[in-house]
Amino acid sequence: APKAEAQPKAASVTEGGRVKASPLAKKIASELGVDLSTVAGSGPNGRIVQKDVLAAEVKPAVVEKAA
Amino acid sequence: MSDKTKVVVIGGGPGGYVAAIRAAQLGGEVTLVEKQYLGGTCLNVGCIPTKSLLHSAELFEEAKEGAKYGIVSSDVKIDFAKVQERKQAVTKQLVNGVKGLLAANKVKVISGEAAFTSKDTIEVKTEKGTETIKADKFIIATGSIPAKPPIPGIDSKQCIDSTGALELKEVPKTMIIVGGGVIGVEIATLYSTLGCKIVIIEMLNEIMPMMDGELTKMVRAKLAKKGVEIFTGAKVMSFKDAGENVEVTVEMPDGKNQVFAGEKALISIGRRTNTATIGLEKAGIANDRGRITVNNKMETNVPGIYAIGDCVGQIMLAHIASTMGEVAAENAMGHNNVFDSKTNPSCVYTKPEFASVGLTEEAAKAQGVDYIVGKFPLAANGRSMIMGEDGMVKIIAGKKYKEILGAHILGPRATDLIGELALAIALEATIDEVIATIHAHPTVAESIKEAALAVEKRAIHIPNR
Amino acid sequence: MSDKTKVVVIGGGPGGYVAAIRAAQLGGEVTLVEKQYLGGTCLNVGCIPTKSLLHSAELFEEAKEGAKYGIVSSDVKIDFAKVQERKQAVTKQLVNGVKGLLAANKVKVISGEAAFTSKDTIEVKTEKGTETIKADKFIIATGSIPAKPPIPGIDSKQCIDSTGALELKEVPKTMIIVGGGVIGVEIATLYSTLGCKIVIIEMLNEIMPMMDGELTKMVRAKLAKKGVEIFTGAKVMSFKDAGENVEVTVEMPDGKNQVFAGEKALISIGRRTNTATIGLEKAGIANDRGRITVNNKMETNVPGIYAIGDCVGQIMLAHIASTMGEVAAENAMGHNNVFDSKTNPSCVYTKPEFASVGLTEEAAKAQGVDYIVGKFPLAANGRSMIMGEDGMVKIIAGKKYKEILGAHILGPRATDLIGELALAIALEATIDEVIATIHAHPTVAESIKEAALAVEKRAIHIPNR
Ligand SMILES: Cc1cc2nc3c(=O)[nH]c(=O)nc-3n(C[C@H](O)[C@H](O)[C@H](O)COP(=O)(O)OP(=O)(O)OC[C@H]3O[C@@H](n4cnc5c(N)ncnc54)[C@H](O)[C@@H]3O)c2cc1C
Ligand SMILES: Cc1cc2nc3c(=O)[nH]c(=O)nc-3n(C[C@H](O)[C@H](O)[C@H](O)COP(=O)(O)OP(=O)(O)OC[C@H]3O[C@@H](n4cnc5c(N)ncnc54)[C@H](O)[C@@H]3O)c2cc1C
């Protein structure tokens, strides 16, 4: 996945710019070409999980809501 | 009057007392009503007593086999009265602990039997009379009781339920166990180790049907070695009190009847929810033949009334009751939490232990999931070898991403080892992360990494085929 | 000739044999040179023999205390020759296992002593003569040997190292243990359980200084109960062969000398890398007084030469050697992997077990990390109570995000329980995920969740202060 662009930051990006995502979410995102820095996480502390990535792929509108 | 949220919890088992403590932590004014014993089934006639007796049985077996390890002793015998005394002491200590915790959290405990009289009121029958209590929120946690199937002769004096089986004064010479679920298998393990000849009659085609079939077969083989006979696809038709023994007539898989005689017959075919007398209809609480209907917030159809644990009739396990209890308490106190069973471990205290989390291979198949399996036999694990044990670690991973879908362990310490894999499922980990985690040597846990490696046919300590 | 990458591994311990298997899995043509015994220190005179002896000791203790659990026996005695025989059998089985695995992976094993003659050549002295081997890649895994400090009288016949301590024919009546590291403490546990009176002399201010101090104090108390005397801040000045006993003169913390007499004196002050005779200088391999210098890819300064395990003198543990071995093999075979010790568990096989991963509270303090602690005493854990054990689970979390920085467990099965927390660290989990993971009842693992809850002062099974 591309690195953080000038995108609105989702809750899952920590101050250091690291994205908190589950290993499964990362694998799926890299395959689907979903930029994790644009995904809102629904896990504890905004951690991105599988279903968030799948949702982001189907309807990118989630990004706006999370920003 | 206090403006705190008033919460009443009905039932003091692992569901109820945990819910009560959690609600109190969150600022609730909490009352717990318990009609019989704090700690419920679990502490008094369930988890704890079985495991205490099983621990003694394990020590007995180890003592008898001590010579193999250089421990010499003569006349190893079991003092069953002492075994029961020890069980009693452990139970008592834990029940007192619960009492203390409730007090420390300022939960008011009422000894009595509760029943709803309306949506916001219960009546509690205590020794001193009847008390009426109104509250903002109710959490129902009345648990379950052993099911008693309508089989002719089931009232014969030799027929006992799990509670009876845990309170025997002597080890019986023979026992017929009707129902090969977890409770049946644990009690078979217990008494067969103590010298009782056991026959298990199970109606389904496999004992412990929710566990992984391949590992269950290994358990069956181990039980067989102890002289436990298991008949599956077999149906009990009747019991007959024949004086010393009970005669159990069983329709065998071939359709023919066979009679088994036993000093005791344990009925362990399941448990049913304990909700018949709590006034569900008075409060208008929806239920399915006594199983209270709840959503994943543990809410019933009646606002402000929650139900948790065995009485919802979903997964009848103590840690599930407690987890549901936490969720209900948090929601009752205005927080927002949901119950999810995906990390739920199932444990059976056989020797060695048997534990499972997530999908079994059977379930993966049935659900049409594309999966891949990694297995590691504990015969190749140094720590297990030292302990004289064997078994297997089996991991079910998604075929494409290798995420961990399920894990099954038969082996020493399995009930504790499963924790790592439950966390792996919680975190949506793949085998890569399990492999990248350094596992200490020499431990049984190393086998978890090996099983993960085996998913990709690159285990180190077994040849990969 | 084959166009496979030719890999030579020097040393057949848990570093070397794992590296060899991994390199072979990746398509290498692998030769392993071992001068003494496959399995190295670990299988022959380290991890496995200690744990086998300790297991017998544990069973002995349990047998003696059986009455508490209703197990009656008379005359519980240890047959130490049998204990040693069992250890020998386990070791032999595991060493044969390694032999089989190497064969299954088509690794060629040469019995002999290797030394570099240049950057790409070694000479191997075997029974049949000297063989010269060239290879594309070399992995050095020659391990370590017990350090022998230059203390007057250390050659007295009663002075033994860990290898000697594991091969005693009889349980000594008294033993002075010089050095209270993991090995010293494990051997103290072993022989004190078998009836030996033990004195530990440690130069530093604490035994096992890398472990969490609070839990280490609990271990000290448990050892003291077994009659083990521990003197810290105390320095051995000399040994004197006094016939039956050795007299050990110790400078005590107050500066005065005190003499301790023991049938044996175990020197366990540490281990040093075993690299003096392998021709490091001929190959031009950089090292720091024998500790081979490597980067996190396990590469030495010489391209194509890797070093792993005890011989790099970093963390002297078998699972570290194996992990480094995998990393080196993968890099040697053209993959790209790095070694990271952040999930490394440290285990001590005391009774109960003691295990640790990540930061100790002391380290967190020293590094100026903003941390917060959650603790749960196992006296409040049902499963531990059933087993008659106590202890503590302690979690160190970051103050702000509550990520798990370290975890420390003193308790039954601790060495296996630590796996869950190592995975938590690997996945950068916070206490929230540990709490959200359902932990089975009744297990020791439940205490991990409780300790995580305690971080936020909301444990269920202890009052939160
Ligand atoms: C032999 C056996 C072994 C088991 N082993 C395990 C195990 O190892 N691990 C595991 O996870 N689970 C085990 N279980 C299951 C476990 O005990 C239950 O899942 C658990 O106790 C359910 O908790 P609960 O709080 O929902 O109900 P319960 O523990 O059944 O508690 C319900 C409480 O409510 C009280 N009550 C009922 N009606 C009223 C009323 N009207 N007014 C006031 N009080 C009322 C009851 O007296 C009881 O104390 C075992 C069960 C048995 C029988
Ligand atoms: C008493 C004791 C208990 C221990 N307990 C534990 C424990 O519980 N857990 C744990 O993780 N660690 C434990 N350790 C440490 C562990 O044994 C070592 O960390 C581990 O063995 C290191 O592995 P290695 O492969 O680097 O070296 P080693 O195991 O030392 O193997 C090196 C091998 O190289 C061979 N060799 C050396 N030079 C040459 C040469 N020139 N040519 C050919 N072969 C050569 C040696 O013969 C040896 O077989 C213990 C150690 C001791 C002494």
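The values are calculated or read from the model by the stated rules, or taken from the named source; none is laboratory data. The model shown is predicted, which means the values in this text are computed figures rather than measured ones. Cβ sites come from the backbone with ideal geometry, for glycine too, and all protein chains shown count toward neighbours. Accessible surface is based on the protein model in full, side chains and every heavy atom, while ligands, DNA and RNA are left aside. Shrake-Rupley method; radii C 1.70, N 1.55, O 1.52, S 1.80 Å.
Would you pick out the residues in segment C:425-461 that are open to solvent by 30 Å² or more (accessible area, probe 1.4 Å) and part of a loop (DSSP other than H, G, I, E, B)?
C:Glu428, C:His441, C:Glu456, C:Lys457, C:Arg458, C:His461
Take residues that are more than 30 Å from B:Ala63 (Cβ to Cβ) and tell me which of the strands (runs of 3 or more DSSP E) falling wholly in segment B:315-416 contain 2 or more. It would help to see each step written out before you state the result.
Working: elements: B:345-348, B:353-358, B:371-377, B:392-398, B:404-411.
Answer list for segment B:315-416: B:353-358, B:371-377, B:392-398, B:404-411.
Working carefully through the options B:Glu167, B:Glu113, B:Glu131, find the one that is free of Cβ contacts under 8 Å to residues at least 40 places away in the same chain, open to solvent by 10 Å² or more (accessible area, probe 1.4 Å), of a type in the set (Asp, Glu) and within 14 Å of ligand 1 (Cβ to nearest atom).
Step by step, each of B:Glu167, B:Glu113, B:Glu131 is checked, and only B:Glu131 is free of Cβ contacts under 8 Å to residues at least 40 places away in the same chain, open to solvent by 10 Å² or more (accessible area, probe 1.4 Å), of a type in the set (Asp, Glu) and within 14 Å of ligand 1 (Cβ to nearest atom).
Could you please find all residues in segment C:274-291 being of a type outside the set (Lys, Arg) and in a loop (DSSP other than H, G, I, E, B)? Write out each step before concluding.
Our first condition is that a residue be of a type outside the set (Lys, Arg); within segment C:274-291, this holds for C:274-281, C:283-288, C:290.
Within segment C:274-291, C:Asn274, C:Thr275, C:Ala276, C:Thr277, C:Ile278, C:Gly279, C:Gly284, C:Ile285, C:Ala286, C:Gly290 meet the criteria.
B:Glu244 passes all but one of (1) touching an Asp or Glu at 6+ places or on another chain (Cβ under 9 Å); (2) surrounded by 16 or more Cβ atoms within 10 Å (Cβ to Cβ); which number fails?
Single failed check for B:Glu244: (2).
Evaluate the following for C:Ser73: is it outside any helix (DSSP H, G or I), at negative phi and buried (at least 19 other Cβ atoms within 10 Å of the Cβ)?
yes
Since C:Lys4 meets every condition but one in (1) more than 12 Å from chain B (Cβ to nearest Cβ); (2) within 16 Å of ligand 2 (Cβ to nearest atom); (3) out of contact with any Phe, Trp or Tyr (no Cβ under 8 Å at 6 or more places or on another chain), which condition does it not meet?
Against the list (1) more than 12 Å from chain B (Cβ to nearest Cβ); (2) within 16 Å of ligand 2 (Cβ to nearest atom); (3) out of contact with any Phe, Trp or Tyr (no Cβ under 8 Å at 6 or more places or on another chain), C:Lys4 comes up short only on (2).
Of the residues B:Val72, B:Val90, B:Val30, which is over 22 Å from C:Leu378 (Cβ atoms), out of contact with any Asp or Glu (no Cβ under 6 Å at 6 or more places or on another chain) and assigned by TED's automatic domain parsing to the domain that holds B:Ala283?
B:Val30
Inside segment C:139-169, can you point out the residues that are part of a loop (DSSP other than H, G, I, E, B) and in contact with a helix residue (DSSP H, G or I) (Cβ under 6 Å, 6 or more places away or on another chain)?
C:Ala141, C:Thr142, C:Gly143
Quick one: is C:Ala24 open to solvent by less than 60 Å² (accessible area, probe 1.4 Å) and either away from ligand 2 (no atom under 15 Å from the Cβ) or not in a helix (DSSP H, G or I) (or both)?
Spelling it out, C:Ala24 is indeed open to solvent by less than 60 Å² (accessible area, probe 1.4 Å) and either away from ligand 2 (no atom under 15 Å from the Cβ) or not in a helix (DSSP H, G or I) (or both).
The conditions are (1) in contact with a helix residue (DSSP H, G or I) (Cβ under 9 Å, 6 or more places away or on another chain); (2) open to solvent by 30 Å² or more (accessible area, probe 1.4 Å); (3) farther than 28 Å from C:Gly213 by Cα, and C:Gly334 fails exactly one of them. Which is it?
Unmet for C:Gly334, out of (1) in contact with a helix residue (DSSP H, G or I) (Cβ under 9 Å, 6 or more places away or on another chain); (2) open to solvent by 30 Å² or more (accessible area, probe 1.4 Å); (3) farther than 28 Å from C:Gly213 by Cα: (1).
State all residues of segment B:250-264 that are assigned to a strand (DSSP E or B) and exposed (fewer than 13 other Cβ atoms within 10 Å of the Cβ); if no residue qualifies, say none.
Residues satisfying the conditions are B:Asn257, B:Val259.
Looking at B:Ala81, B:Ala89, B:Ala63, B:Ala57, can you tell me which residue is more than 9 Å from chain C (Cβ to nearest Cβ), at pLDDT 95 or above and within 16 Å of C:Val72 (Cα to Cα)?
Of B:Ala81, B:Ala89, B:Ala63, B:Ala57, the one residue that is more than 9 Å from chain C (Cβ to nearest Cβ), at pLDDT 95 or above and within 16 Å of C:Val72 (Cα to Cα) is B:Ala57.
Among the residues of segment B:96-111, which ones are assigned to a helix (DSSP H, G or I) and away from chain C (no Cβ under 11 Å)? Spell out how you get there, then give the answer.
Taking segment B:96-111 first, the residues assigned to a helix (DSSP H, G or I) are B:96-104.
Of everything in segment B:96-111, those that are assigned to a helix (DSSP H, G or I) and away from chain C (no Cβ under 11 Å) turn out to be B:Asn96, B:Lys99.
Could you say whether any residue in segment C:148-162 is polar (S, T, N, Q) and more than 24 Å from C:Arg291 (Cβ to Cβ)?
So far as segment C:148-162 goes, yes, one or more of its residues are polar (S, T, N, Q) and more than 24 Å from C:Arg291 (Cβ to Cβ).
Among the residues of segment B:122-138, which ones are under 24 Å from B:Thr41 (Cβ atoms) and touching a Gly at 6+ places or on another chain (Cβ under 7 Å)?
If the condition is that a residue be under 24 Å from B:Thr41 (Cβ atoms) and touching a Gly at 6+ places or on another chain (Cβ under 7 Å), then B:Val124, B:Lys125, B:Thr126, B:Lys137, B:Phe138 are the ones that fit.
Go through segment B:11-38 and count every residue that is under 18 Å from B:Thr323 (Cβ atoms) and near ligand 1 (Cβ under 7 Å from one of its atoms).
Of the residues in that region, 6 qualify.
Just to be sure, is B:Gly284 within 14 Å of ligand 1 (Cβ to nearest atom), surrounded by fewer than 21 Cβ atoms within 10 Å (Cβ to Cβ) and not assigned by TED's automatic domain parsing to the domain that holds B:Gly358?
Against the criterion (within 14 Å of ligand 1 (Cβ to nearest atom), surrounded by fewer than 21 Cβ atoms within 10 Å (Cβ to Cβ) and not assigned by TED's automatic domain parsing to the domain that holds B:Gly358), B:Gly284 does not qualify.
For segment B:370-407, how many residues meet the condition of being in contact with a Pro (Cβ under 8 Å, 6 or more places away or on another chain) and open to solvent by 40 Å² or more (accessible area, probe 1.4 Å)?
Qualifying residue count, segment B:370-407: 1.
Of the conditions (1) open to solvent by less than 10 Å² (accessible area, probe 1.4 Å); (2) more than 16 Å from ligand 2 (Cβ to nearest atom); (3) among the hydroxyl-bearing types (Ser, Thr, Tyr), C:Thr360 satisfies every one except a single condition; which number is it?
Failed condition: (1).
Within segment B:414-433, track down each residue that is among the β-branched types (Val, Ile, Thr), facing another protein chain (nearest Cβ under 7 Å) and out of contact with any Pro (no Cβ under 7 Å at 6 or more places or on another chain).
The answer is B:Thr415, and nothing else.
Report every pair of residues separated by at least 6 positions or lying on different chains whose Cβ atoms are under 8 Å apart, first residue within segment C:270-293 and among the basic types (Lys, Arg), second in a loop (DSSP other than H, G, I, E, B) and open to solvent by less than 30 Å² (accessible area, probe 1.4 Å).
That search, which allows pairs on different chains as well, returns C:Arg271/C:Ala147; C:Arg272/C:Ala147; C:Arg272/C:Gly290; C:Arg272/C:Gly313; C:Arg291/C:Thr275; C:Arg291/C:Gly313.
Right, C:Val236: outside the structural domain of C:Asn44 (by TED's automatic domain parsing), without any contact (Cβ under 8 Å) to a residue 60 or more places away in the chain and away from ligand 2 (no atom under 16 Å from the Cβ) or not?
no
Search segment C:170-187 for residues that are within 14 Å of chain B (Cβ to nearest Cβ) and pair each with any residue that is within 12 Å of ligand 2 (Cβ to nearest atom) when their beta-carbon atoms are under 8 Å apart and the residues are at least 6 apart or on different chains.
From segment C:170-187, the pairs are C:Val182/C:Ser346; C:Val182/C:Val348; C:Glu186/C:Thr50; C:Glu186/C:Leu54; C:Glu186/C:Val348; C:Glu186/C:Tyr349; C:Glu186/C:Thr350.
So that you can scan it fast, the table gives a plain yes or no per residue for (1) within 14 Å of chain B (Cβ to nearest Cβ); (2) open to solvent by 30 Å² or more (accessible area, probe 1.4 Å):
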residue	(1), (2)
C:Arg289	no, yes
C:Glu299	no, yes
C:Met316	yes, yes
C:Gly325	yes, no
C:Ser356	yes, no
C:Ala364	no, no
